Amino acid sequence: MRNGRGMTLGDRARDRCAGALWLVLHYLGSSMLEISLQQIFALMPSTVSHYIKFAMTILLKTLQAMLEAKICFPKTSEELTKYTNLICTCHPLLRGAFASIDSLSLVMQVLEDPEIKNMTYNSWKSDHCILNIPSIFSLLGMIIAAVLNPPGSWHNSHSATHVYKKLKGIPSGFFLVADSVFPRGTKDIAGKIKTPVKDGD
């Protein structure tokens, strides 16, 4: 069935889904407010809210069904060796390093709730943030572990406890490379996080 412009209903549905995906990628990939999205996409406030919710649901279901989108921490020596061999082609002194760990701080819209304001305020950045830390990247460009959405007031080391538990299971000789904001961990993961030496140490 075609409308007056010669488009089938399937074409219109496809265009609507593509537009919703474009909208939600703008929403997720920037710190802009919904009012900015309303202006960019020429949509009413209720329509923007509806399409963000609609597209986020579809995006989540799609990613959950994709094996390539799954976050998997390496467990076997074979997997860890593959990652460390890739790193050693560029940095031969890092034998045993299988990935790097870093943090990502995302600016968020300030809410009226004073409890949420307090939780998300980061005094170092002087802004309200949500942290996606730690994200652990392999040299293949994949995220192999992550802790999503802890409050911006938390320190990286506090957010990394989930990753420290995972490190207990990896064989000795393998380690993560981190910057000096991450502590090297407790005795049970000694040698499994290596960071540059700070000035004065």
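The values are calculated or read from the model by the stated rules, or taken from the named source; none is laboratory data. Note that the coordinates shown come from a computational prediction; the quantities given were computed from them, not determined experimentally. Every residue, glycine among them, receives a Cβ derived from its backbone with ideal geometry; neighbour counts consider all protein chains shown.
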Conditions (1) part of a helix (DSSP H, G or I); (2) surrounded by 15 or more Cβ atoms within 10 Å (Cβ to Cβ); (3) at pLDDT below 90; (4) in contact with a Lys or Arg (Cβ under 9 Å, 6 or more places away or on another chain): number failed by residue 63: (2)
Output for the stretch 2-32, where each listed residue is modelled with pLDDT under 75 and of a type in the set (Val, Ile, Thr): 8
